[in-house]
Amino acid sequence: MDKILRIAVDGPSGAGKSTIAKAVAKKLNIDYIDTGAMYRAVGYKMLQKGVALTDIEGLQAMLDDTEIDFSQGNIYLDGEIVNDYIRTPEISKQASDCSAIGIVRKKLVDLQQKMGESKSVIMDGRDIGTVVFPDAEFKFYVTASAEERARRRYEELIAKGQDVTFEQVLTDLNTRDHNDSTREITPLRKADDAIEVDTTDMGIEAVVAHICGLMGL
Ligand code: DC
């Protein structure tokens with residue numbers, strides 16, 4: 001591919017964004033960037049270092065001293081692979097909370113824009129089509145019903161051996177949806193020019209084929 005291609009995939013938790021984005025990245029042989037994992041990595045580091053959500057000075061110092069990168073499907077926080085530490089319910093909550101803080105968003109949006117500067121990427125998150133790449137070549141807004149999204153997240157957590165109930169997962173998801181869509185700074189919303197894809201009754205392969213078809217690829 002000669003031209004740099006930026007594909008934005010936004011939507012609420014558990015809609016299938018990362019599975020879809022990973023599959024499309026593989027198909028097109030471009031990089032996949034999981035921006036939710038970046039907010040999770042910051043949340044993880046805050047808990048590790050004991051930096052409170054209200055300690056903006058301490059948080060800024062921490063952010064100034066934080067490196068986040070992706071390589072071969074792994075997320076690196078300050079040089080360490082943290083994939084396995086950032087998917088717990090505790091980190092989900094911390095990621096949602098810290099993603100409402102302006103200095104966290106600024107740091108991560110800058111980084112994300114740099115990541116898509118010189119190479120083709122498919123990025124998933126909440127504000128990719130609205131803030132990170134408002135001029136992305138393609139924008140998708142992926143949704144599914146709250147029950148279906150909670151069911152998917154529940155199965156994922158159970159497969160990882162975590163001790164959770166479906167009701168707990170559904171409650172957490174509703175809380176995060178509420179936080180993510182009502183926060184003051186760049187709340188989750190569909191970009192006006194994004195194409196909405198409802199995955200409630202669609203399998204992953206059908207969604208990937210549909211999205212690639214929409215892009216004419
Ligand atoms: O996609 P995820 O569940 O891994 O995201 C974790 C949290 O980070 C979620 O509560 C929303 C937030 N987030 C965000 O505010 N902006 C993004 N681009 C990606 C995630």
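The values are calculated or read from the model by the stated rules, or taken from the named source; none is laboratory data. Remember, it's a predicted structure, so these values are computed and weren't measured experimentally. All Cβ positions, glycine included, derive from the backbone under ideal geometry; neighbour counts span all protein chains shown.
What residue, among those in segment 101-138 that are of a type in the set (Ser, Thr, Tyr) and modelled with pLDDT of 95 or more, is nearest to residue 181 (Cα to Cα)?
In the first step, residues of segment 101-138 are kept if they are of a type in the set (Ser, Thr, Tyr); the result is 118, 120, 130.
Now narrow it down to the ones that are modelled with pLDDT of 95 or more: 120, 130.
Working: 120: 28, 130: 13 Å.
Checked segment 101-138; the qualifying residue nearest to residue 181 (Cα to Cα) is 130.
The set of residues in segment 139-173 that are at pLDDT below 95, assigned to a loop (DSSP other than H, G, I, E, B) and under 15 Å from residue 204 (Cβ atoms) is empty.
Contact map, segment 23-49: residues that are within 18 Å of residue 12 (Cα to Cα) and without any contact (Cβ under 8 Å) to a residue 60 or more places away in the chain paired with residues that are of a type outside the set (S, T, N, Q) and not in a helix (DSSP H, G or I), Cβ distance under 7 Å, separation 6+ or inter-chain. Pairs shown: 37/75; 37/86; 40/86.
Within 16 Å of the ligand (Cβ to nearest atom) and not in a helix (DSSP H, G or I): is that true of residue 188 in this structure?
Details: within 16 Å of the ligand (Cβ to nearest atom): yes; not in a helix (DSSP H, G or I): yes.
It is true that residue 188 is within 16 Å of the ligand (Cβ to nearest atom) and not in a helix (DSSP H, G or I).
Here 150, 136 are screened, and the one residue that is surrounded by 22 or more Cβ atoms within 10 Å (Cβ to Cβ), among the hydrophobic types (A, V, I, L, M, F, W, C) and more than 26 Å from residue 215 (Cα to Cα) is 150. Based on this model, can you work out whether residue 120 counts as within 21 Å of residue 31 (Cβ to Cβ), more than 14 Å from the ligand (Cβ to nearest atom) and touching a residue at least 12 places away in the same chain (Cβ under 8 Å)? Yes, satisfied.
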